[in-house]
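The values are calculated or read from the model by the stated rules, or taken from the named source; none is laboratory data. Owing to the predicted nature of the structure, the values given are computational and were not obtained by experimental measurement. All Cβ positions, even for glycine, are placed from backbone atoms using ideal geometry, and neighbour counts span all protein chains on display. Just so you know, the surface numbers come from the protein's heavy atoms only, side chains and all, with ligands and any DNA or RNA stripped out. Shrake-Rupley method; radii C 1.70, N 1.55, O 1.52, S 1.80 Å.
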Amino acid sequence: MIDADSAVAGGSEPVVPAKPRPPYSERPVARARRAKAQELIDRLVTEGRVRITDPDDGEVAEWRRVVNYAKRHGLEPVGKRIEKVPYGGPGLELFLAEGPHPNARSQRAQMSGGLVPVPARLGHLHPRVTALKDDESRLVMPSALRRRSLLLLQGLAAEAVRRGYEVHKARSSFFPREGGVDVDVDGFAYTVTVRQEFPESVDPERSARLVVELAHGLTGRPGRWRDRKSRTLEEALGVILGEIEARAVEDARRKQDEQQARADREVRWRAATEVAKEQAVREQLAQVLREEGGRWQEAAVLSAYCTALEGRIGELEGAADTADLDSARRWLDWASGYVRSIDPLSGLPKMPHAREPTPEELKPYLSGWSPYGPERRG
């Protein structure tokens, strides 16, 4: 091994150690992204929503990286999370939502934590579970499985009530082998059903299996639970209720987004309607102007004719037949009066009165909006 001293002694240049690279957070790209992420947070706190209209693919990717940077480095305000939804086709809308994301690790741990008590006997049941117990057309399965199904539903119903939710008769229709209840969280109802998983199986182990399902599962979200070696259905009730709560958070956010979208459409529609009214009224006034201009041109031509007729009568005075001259003068008097009646400048024109435009008159100026409301297109 050759050390630095021997290298110098041998005539070689000393080895200069490589300069360590700065940490990622100190590199220009990271500093720029952090500045952009902090600017985004400041705008979201101040403005509520940030909209990126008509971005190209590169801009969309950059905004996603900025949002991810803010999330990874804890820049989101306490108790808030950044959400992004599509806006106007390729665009993005960013806003701050309440609480952690339902899929966040901390949230999943909270949702899966704690066992839900399941009673050992069918006593003091929730009214909806009692109704299922008494309805022999539901939960058609061996008595031991039926009893377990009712105990599972009772444990779920009791815990839902304890958490402040409501339990109602399920609105969905079931097959005879199924039975369930609706758990209502903040106005959003979720149907939970229990059924025998393999009713036709001759294998005692398979035929004894139950499955719990949460209706209308969203893409990527769990909606079916079975007994596992590591966890029974009784132990999964807390997870099932946690999934219901997570869906309620998403549905509430979706409802808020839909309400905001409707409000935004209302604002854009009203703005478009006001512009359309101005243009329709402008067209009304322009039509009056065109009509008056046409009458003025006609009056000018006829007035010139009357002047020429009057001159001709003067030229033929004493030469033409008296009766013919009298007839010509009567015609001149009528023509002059008619010219005065159609000439818009015979008096001082006034500003025309504009009426409220009809829906049909608004349509050409609404750029695709319907004149009847924001929910309809032209």
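Restricting to segment 110-140, name every residue that is modelled with pLDDT under 75 and open to solvent by less than 60 Å² (accessible area, probe 1.4 Å).
Looking only at segment 110-140, we keep the residues that are modelled with pLDDT under 75, and these are 110-114.
Those that are modelled with pLDDT under 75 and open to solvent by less than 60 Å² (accessible area, probe 1.4 Å): M111, G113, G114.
Residues checked against (1) outside any loop (DSSP other than H, G, I, E, B); (2) open to solvent by 70 Å² or more (accessible area, probe 1.4 Å); (3) over 17 Å from R290 (Cα atoms):
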site: A328; (1), (2), (3): yes, no, yes
site: V339; (1), (2), (3): yes, no, yes
site: G347; (1), (2), (3): no, no, yes
site: K350; (1), (2), (3): no, yes, no
site: R355; (1), (2), (3): no, yes, yes
site: K363; (1), (2), (3): yes, yes, yes
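If E310 satisfies every condition in (1) assigned to a helix (DSSP H, G or I); (2) more than 30 Å from E274 (Cα to Cα); (3) within 60 Å of the chain's Cα centre (by Cα) but one, which is the exception?
(3)
Looking at S149, S143 in this structure, which one is over 42 Å from the mean Cα position of the chain (by Cα), polar (S, T, N, Q) and modelled with pLDDT of 90 or more?
Details: S149 fails: over 42 Å from the mean Cα position of the chain (by Cα).
That would be S143, the only listed residue that is over 42 Å from the mean Cα position of the chain (by Cα), polar (S, T, N, Q) and modelled with pLDDT of 90 or more.
With the requirement that a residue be touching a residue at least 40 places away in the same chain (Cβ under 8 Å) and touching a Lys or Arg at 6+ places or on another chain (Cβ under 8 Å), what does segment 83-97 give you? Walk me through it before giving the result.
Within segment 83-97, the first condition is being touching a residue at least 40 places away in the same chain (Cβ under 8 Å), and the residues that meet it are 83, 85, 91-97.
Selection gives E83, G91, L92, E93, L94, F95, L96, A97.
Quick test of your reading of the structure: S149 fulfils all but one of (1) part of a helix (DSSP H, G or I); (2) touching a strand residue (DSSP E or B) at 6+ places or on another chain (Cβ under 9 Å); (3) farther than 19 Å from R226 by Cα. Name the failing condition by number.
S149 satisfies all of (1) part of a helix (DSSP H, G or I); (2) touching a strand residue (DSSP E or B) at 6+ places or on another chain (Cβ under 9 Å); (3) farther than 19 Å from R226 by Cα except (3).
Return the pairs, sorted by first residue and then second, in which the second residue is open to solvent by less than 90 Å² (accessible area, probe 1.4 Å) and part of a strand (DSSP E or B), the first residue lies in segment 43-71 and is of a type in the set (S, T, Y), the beta carbons are less than 8 Å apart, and the residues are 6+ apart or on different chains.
Correct list of pairs: T53/Y87; T53/G91.
Does A276 satisfy the criteria of being in a helix (DSSP H, G or I), closer than 30 Å to L362 by Cβ and touching a helix residue (DSSP H, G or I) at 6+ places or on another chain (Cβ under 6 Å)?
Values: in a helix (DSSP H, G or I): yes; closer than 30 Å to L362 by Cβ: yes; touching a helix residue (DSSP H, G or I) at 6+ places or on another chain (Cβ under 6 Å): yes.
Yes: the conditions hold for A276.
Restricting attention to segment 129-159, report how many residues are touching a Pro at 6+ places or on another chain (Cβ under 8 Å) and among the charged types (D, E, K, R).
Count: 2.
So which residues in segment 169-214 are farther than 17 Å from S149 by Cα and in contact (Cβ under 8 Å) with a residue 40 or more places away in the chain?
Matches in segment 169-214: S172, V185, D186, F188, Y190.
Test E250 against the stated conditions and say whether it is surrounded by fewer than 13 Cβ atoms within 10 Å (Cβ to Cβ), part of a helix (DSSP H, G or I), among the acidic types (D, E) and out of contact with any strand residue (DSSP E or B) (no Cβ under 6 Å at 6 or more places or on another chain). Show your work before the answer.
On the way: surrounded by fewer than 13 Cβ atoms within 10 Å (Cβ to Cβ): no; part of a helix (DSSP H, G or I): yes; among the acidic types (D, E): yes; out of contact with any strand residue (DSSP E or B) (no Cβ under 6 Å at 6 or more places or on another chain): yes.
Answer is no for this residue.
Give me a count of the residues in segment 254-290 that are farther than 19 Å from T358 by Cβ, over 15 Å from the mean Cα position of the chain (by Cα) and open to solvent by 90 Å² or more (accessible area, probe 1.4 Å). Lay out the reasoning, then the answer.
Of segment 254-290, the ones farther than 19 Å from T358 by Cβ are 254-268, 271, 289-290.
Of the ones still in play, those that are also over 15 Å from the mean Cα position of the chain (by Cα) are 271, 289-290.
Now narrow it down to the ones that are open to solvent by 90 Å² or more (accessible area, probe 1.4 Å): 289-290.
Residues meeting the conditions: 2.
Go through segment 365-378 and report how many residues are under 21 Å from the mean Cα position of the chain (by Cα) and open to solvent by less than 80 Å² (accessible area, probe 1.4 Å). I'd like the intermediate steps shown before the answer.
So the first thing to find is which residues in segment 365-378 are under 21 Å from the mean Cα position of the chain (by Cα), and the list is 367-370, 372-378.
The next check asks that each one be open to solvent by less than 80 Å² (accessible area, probe 1.4 Å); those that pass are 368-370, 373-374.
Selection size over segment 365-378: 5.
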